[in-house]
Amino acid sequence: MLCITLDLSTQSMSNQMVVMQPRPVMVFSDSDQWGSGICDCCDDVPECCFAYWCFACFTCIKAKKYGECLCLPLLDFCGIVPPITMSIRVSMRQRYGIKGDMCNDCLVATFCRLCVWCQMSREMKARDLQITLVGARNL
């Protein structure tokens, strides 16, 4: 960034370099609650339909987007309590600072698995950090 200053006593222009560099602008939510309810599937109908018609594909894609192994959610279909859904939900609560407890996570992961994955998908979209680098042109 270049600043030009005018010295009025000598009527000449001098150049000054500004040492401070622009910093990335980051916007994020500070909420300690889920951005949407577990039954708010109508907030994102295409995602909900995708989850309903191809649940295995949906969970694998969302797990990959969250940073986990692509096929990890397929292990959920081996038991009564889905350990992967529950662990990703707990991890998401911790990452985003959402209040809750493991008992509630276990219940909703077991009995409302599709709705839980849709809710986590909406949360990832809402809290996805967009980093914008702001630059300055030299004057």
(Q) Being part of a loop (DSSP other than H, G, I, E, B) and within 18 Å of the chain's Cα centre (by Cα) narrows it down to one residue among Ile80, Ile38, Ile88; which is it? (A) Ile38
Q: Just need a number here: residues in the range 47-87 that are of a type in the set (A, V, I, L, M, F, W, C), surrounded by fewer than 16 Cβ atoms within 10 Å (Cβ to Cβ) and within 23 Å of Cys103 (Cβ to Cβ).
A: 5
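Computed from the coordinates by the stated procedures, all read-outs in this text should not be read as laboratory data. Just so we're clear, the structure is a prediction, and the values are computed from it rather than from any experiment. Reconstructed Cβ throughout: ideal geometry from the backbone, glycine too, with neighbour counts over all protein chains shown.
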